[in-house]
Amino acid sequence: MGGYRVPVMALRANAKLELMKKVPLFEHCSKKDLQRIAELADELPLSAGRVLIEEGERGREFFVLVDGTVDVRRKGRKVTTLGPGDFFGEMALLSRAPRAATVTAATDVTVLVISDRAFVDLLDRMPELWVKVARALAERVSDNESGTP
Ligand code: CMP
């Protein structure tokens, strides 16, 4: 009976790694890096309608969307929809500003959740992640500045 536990755990860990390999954010990560990220990230299935991030709140987590779509809203107005492979929650963690938008699951979703400390630690160790995160951050800040009167 107990003998099944180890293989099942290994299968789960492999499934998470397989999901991560499809995420462009992680495309240049080595296998070792991916394993490290997999250890830090919680894989979470959430139902449609679930609010993952609330505008104005303090940020504590970074999210990578592996399945489904989420809507991003600022001041009640939809800014964009993000899909599999996209990430969000980086702005508050990097700027220490409150969450810039509300993010809601538009469908049932699967996300990888990484704590703020683990996120900073990953960026420190893996410069290949930095460029992608910085690029998204710059685009989003600029979108939000041009979109608000
Ligand atoms: P954060 O401010 O931590 O929490 C809300 C998240 O929504 C934000 O990080 C970004 O990841 C995301 N976000 C905010 N504005 C935009 C935008 N204009 N386009 C895409 N994503 C955004």
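For residues in the range 72-96 being farther than 13 Å from Glu61 by Cα and within 7 Å of the ligand (Cβ to nearest atom), which is surrounded by the most Cβ atoms within 10 Å (Cβ to Cβ)? Within the range 72-96, the match that is surrounded by the most Cβ atoms within 10 Å (Cβ to Cβ) is Val72. Among the residues of the range 128-149, those that are within 17 Å of the chain's Cα centre (by Cα) and without any contact (Cβ under 8 Å) to a residue 40 or more places away in the chain comprise Trp130, Val131, Ala134, Arg135, Ala138, Glu139.
When Gly49 is tested against (1) at negative phi; (2) at pLDDT 95 or above, exactly one condition is not met: (1). Answer with yes or no whether Val109 is within 14 Å of the chain's Cα centre (by Cα), of a type in the set (Val, Ile, Thr), under 24 Å from Ala15 (Cβ atoms) and more than 13 Å from the ligand (Cβ to nearest atom). In short, yes.
Contact map, the range 63-80: residues that are closer than 19 Å to Phe26 by Cβ paired with residues that are more than 9 Å from the ligand (Cβ to nearest atom) and acidic (Asp, Glu), Cβ distance under 9 Å, separation 6+ or inter-chain. Pairs shown: Val66/Glu43; Asp67/Asp108; Gly68/Asp108.
The values are calculated or read from the model by the stated rules, or taken from the named source; none is laboratory data. Every value quoted in this text rests on a predicted model; they were computed, and no experiment measured them. Note: ideal-geometry Cβ built from the backbone for every residue, glycine included; neighbour counts use all protein chains shown.
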